[in-house]
Amino acid sequence: MMPKPRPAVFLDRDGVINRSVVLDGKPYPARSLAEFELFPGTVEACELLQKMGPLIIVTNQPDVGRGTLGRDIVESIHTEMCRVLPISRVEVCYEDGRQTGSQFYKPAPGMLRRAADALNLDLSRSVLIGDRWRDIDCGRAAGCLTIWIDRGYSESLRCAPDHIVSSLPEAAQLLQRLGKIPKKASHEQSL
């Protein structure tokens, strides 16, 4: 008998767990491992979030498809990211994003659905945390609760998120207040 599907936490990468390179109000991904810098509190926030369910990175990396960034650089960043954070799975779309009809390039929900199929996840009980309109639209299309991290970029949302916060630690605290993340057991609190 198949176990009951569980919730997960889907995280965009750039601008959520690590600093984006912002030029003229628009965010860009880290171009090297040296540019990959976690935001303060990311490790602790991820440790709290993983109590809700598996942490899954869902990231568009169109510069690889455009030939302006090497896939090996993106994979080295992901290796380091998974070394320091409790990530269960990384979903990446390397398409350049300019073609239409992709089922995996956010805002399409293909990466979330692929992870849900592979890990037996309940998308309706899951959450997507992102910093761009594509993330929020993707989470909505998959039926997830959506949390937008407002980084002050010069772009607007296309649909309203369920919640707005200013950082990943704030998102984790919000989910704990909403009862999505279990509180510590009473015997753990006395330790």
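Quick grid of which residues meet (1) within 23 Å of residue 40 (Cβ to Cβ); (2) in contact with a Ser or Thr (Cβ under 8 Å, 6 or more places away or on another chain):
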residue	(1), (2)
73	no, yes
86	yes, no
98	no, no
121	no, no
124	no, no
130	yes, yes
135	yes, yes
159	no, no
181	yes, no
Margin query: Looking only at segment 9-54, count every residue that is assigned to a loop (DSSP other than H, G, I, E, B), polar (S, T, N, Q) and within 14 Å of the chain's Cα centre (by Cα) and tell me the total.
Written below: 2
Note to self: Against the conditions (1) in contact (Cβ under 8 Å) with a residue 24 or more places away in the chain; (2) crowded, with 18+ Cβ neighbours inside 10 Å, where does residue 155 fall short? Just the number, please.
What the structure shows: (2)
Note to self: Can you say whether residue 80 is of a type in the set (Asp, Glu), within 19 Å of residue 18 (Cα to Cα) and under 13 Å from the mean Cα position of the chain (by Cα), as far as the supplied structure shows?
What the structure shows: no
Check: When segment 75-107 is examined, which residues are found to be surrounded by fewer than 21 Cβ atoms within 10 Å (Cβ to Cβ), at pLDDT 95 or above and among the hydroxyl-bearing types (Ser, Thr, Tyr)?
Finding: 76, 79, 88, 94
Margin query: Condition first: crowded, with 19+ Cβ neighbours inside 10 Å and over 12 Å from residue 172 (Cα atoms). Now tell me which residues in segment 36-54 satisfy that.
Written below: 36, 53, 54
Next item on the list: Taking the residues in segment 1-35 that are charged (D, E, K, R) and surrounded by fewer than 14 Cβ atoms within 10 Å (Cβ to Cβ) as candidates, determine which candidate is farthest from residue 121 (Cα to Cα).
Entry: 24
Next item on the list: Scan segment 47-85 for residues that are among the hydroxyl-bearing types (Ser, Thr, Tyr) and touching a strand residue (DSSP E or B) at 6+ places or on another chain (Cβ under 7 Å) and report the count.
Entry: 1
Margin query: Could you check segment 108-143 and list, in sequence order, the residues that are in contact (Cβ under 8 Å) with a residue 40 or more places away in the chain and surrounded by fewer than 18 Cβ atoms within 10 Å (Cβ to Cβ)?
Written below: 119, 120, 122, 125
Next item on the list: Go through segment 11-28 residue by residue and tally those that are touching a helix residue (DSSP H, G or I) at 6+ places or on another chain (Cβ under 7 Å) and at pLDDT 95 or above.
Entry: 3
Check: Within segment 155-190, which residues are at pLDDT 95 or above and among the hydroxyl-bearing types (Ser, Thr, Tyr)?
Finding: 166, 167
Next item on the list: Assess whether residue 67 counts as being small (Gly, Ala, Ser), under 21 Å from residue 22 (Cα atoms) and touching a residue at least 60 places away in the same chain (Cβ under 8 Å).
Entry: no
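The values are calculated or read from the model by the stated rules, or taken from the named source; none is laboratory data. What you see is a predicted model, and the numbers here were worked out from it, not measured in a lab. Virtual Cβ from ideal backbone geometry, glycine too; neighbours counted across all protein chains shown.
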